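Worksheet for the structure shown next.
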Amino acid sequence: MGGPGAAGDPVMDRDDADRALARLGAEHEAIETSLLALQDHAGRRLLEGAGLTGTTRSRWAAAEALITLLWTSFDAYTAALREAREVRSRRRWPSREDLAELTRLLSGPAVTLPDSAAGAGTADAGLSPEITGPPARPCERLSLEELVGRMNDGYARALDVVVAADAVWSALPARIDLLAAELRRTRSLAHSVGVRPGEHPSGDDLEEITRELTALRGEVVSDPLAFWVPARSGSSAPGGGRPDTGRYDRAARALEEVRREIEAVLAVRQDAEQRLFQLRDVLSRADRTLTEAREARGEVLAKIAASEVPAVSGPATALHEQLAAAADYRRRSQWHRLSPLLDTLEVRAEDELMRARESLTAVTAPLAVRAELRGRLDAYRAKVARHGMAEDPMLTERYDAARRMLWSAPCDLRAAEQAVLRYQRAAAEVLVPRQAGPEDREGDG
């Protein structure tokens, strides 16, 4: 809308009057255009048809009264401008009386607002001071320029309510609807992988997000101004500010977190069969290793004497039960339960295989010792034979004694080891002089 002009001399001349008429006529057109635009504003039509609550309800009631006051004031402005134009049109060269009348109409307090319009800014009409400004006095008389200034101020205040509400309605409901559509897709996907309320935290989160979006949309539609943040700069421009998207943003982040959780569960569904196969293989190898360890223990106990052989535990029954539970979760598509169970089982199955291998190593250690002693005895026997001393009576006696111990059951490892050592020492004593050569032996004599 337009701005007030400067007051002329106490009595205008013809040129001053014509310029004032032209200026005020332009103001009249600008005011009419603005009021009609406000009348047709999409935000205004929405406000008129909405079931408003809270802040928006009270502020729109005040703005509606203010708009009514604007049209009443515009009608008074129109009537005063029409009267001034009629005085000016009486003659080409206005008389002194005509100029005095034009001065009164164009720059003096020539507009009298009716009682209904003058009282339209009072507390009885429900207008708040931040919308209406100072209340008008009944039957208040204003100049056209004063009336334009007041109308400009009132128009800006009413338009601020309309623009702010329209901005919130344009920004939030559509975004909430898009997020709600994404929520529905996520809920459907979650249901397909067994993520349901009461059974999985993400299912509970989806229910909470659903309730929040439903409540948020209802509040935004009925009370948009509760979600409007005025500009910090204190700008007086209508609609200066922005929609408050805090609650929407939090719901969007929560949904994104749930979506990532669902994707993780989906990944489990895609490779669950392969992981279960690998788990069965690991546990099967662990069981076979334990079986071998138990068999080896029986052999050790039968063949090795005076040796402590550790006991061998049975198969990991608890792990097999959990593996069966995991397979059942897969059959029932309870992927949210299967995911953490597979993670745990994979670690425990590897531990079980390692334990079985360690048990087999511990159980077969005496057999390994016996094999090492046998190998050492045969190695020295071969060395003695290469030097032509295989038939030496002492060596033969000690070899036979050690061999009987190592190839008898049960074998006393301690005694067998001492027998092998005696054979080694005897072989060393026989072989050293022979390895030294004839000259060395003659020199020693």
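Net charge around ASP343, counting only other residues with Cβ within less than 13 Å of its Cβ (Lys, Arg = +1; Asp, Glu = -1)? Summing Lys/Arg as +1 and Asp/Glu as -1 gives 0.
Database remark: amide H of ILE304 closer than 5 angstrom to the amide H of CYS411 (H placed geometrically; neighbours at sequence offset of 5 or more, or on other chains; Pro and chain starts carry no H).
The value obtained for the range 332-434, namely the Cα convex hull volume divided by the number of residues, is 143 Å³ per residue. Once all protein chains are placed together, SER339 keeps about 20 Å² accessible to a 1.4 angstrom probe. Approximating the spin labels as points 7 Å out from Cα along Cα→Cβ, the VAL347-to-ARG332 distance works out to 2.4 nm. Taking Cα atoms only, the orientation of helix 54-88 departs from the longest principal axis of the chain by about 30 degrees.
Between ALA61 and ALA382, residue separation times 0.36 nm minus the direct Cα-Cα distance comes to 104.0 nm. With a cut-off of 18 Å on the backbone N, the residues of the range 157-185 near the modelled label site 7 Å out from HIS41 along Cα-Cβ are 157-172. In plain terms, the chain from THR33 to ALA409 could stretch by 123.6 nm, reckoned as 0.36 nm per residue minus the Cα-Cα distance. If R0 equals 41 Å, the separation of the Cβ atoms of SER188 and VAL229 corresponds to a calculated FRET efficiency of about 0.70. Note on the chain: Kirkwood hydrodynamic radius from all Cα pairs is 32.6 Å, rounded to one decimal. Within the range 72-116, whose backbone N sits under 18 Å from a point 7 Å along Cα→Cβ of ASP13? Hits in the range 72-116 for ASP13 at 18 Å: 92-104.
A Förster radius of 30 Å, combined with the Cβ-Cβ distance separating GLN278 from GLU358, puts the computed FRET efficiency at roughly 0.90. How far is helix 14-40 tilted, in degrees, relative to the longest principal axis of the Cα atoms in the chain, given as a value from 0 to 90 rounded to the nearest 10? So the helix axis and the longest Cα principal axis differ by about 40 degrees.
In plain terms, the chain from ALA156 to THR68 could stretch by 30.3 nm, reckoned as 0.36 nm per residue minus the Cα-Cα distance.
In terms of the mean number of neighbouring beta-carbon atoms within 10 Å, the peptides 279-291, 58-70 order highest first as 58-70, 279-291.
In this simple spin-label approximation, ARG92 and ALA302 carry label points 7 Å from Cα along the Cα→Cβ vector, and these lie 14.4 nm apart.
Among GLU212, GLU83, the sequence by solvent-accessible area, most first, with a 1.4 Å probe is GLU83, GLU212. Working from Cα positions, state the angle (0 to 90°, nearest 10) between the long axis of helix 144-192 and the longest principal axis of the chain. It is inclined by approximately 30 degrees.
The values are calculated or read from the model by the stated rules, or taken from the named source; none is laboratory data. Note that the coordinates shown come from a computational prediction; the quantities given were computed from them, not determined experimentally. Note that each Cβ is placed from the backbone with ideal geometry, even for glycine, and that neighbours are counted across all protein chains shown. Keep in mind that these areas ignore ligands, DNA and RNA; they rest on the heavy atoms of the full protein, side chains included. Shrake-Rupley method; radii C 1.70, N 1.55, O 1.52, S 1.80 Å.
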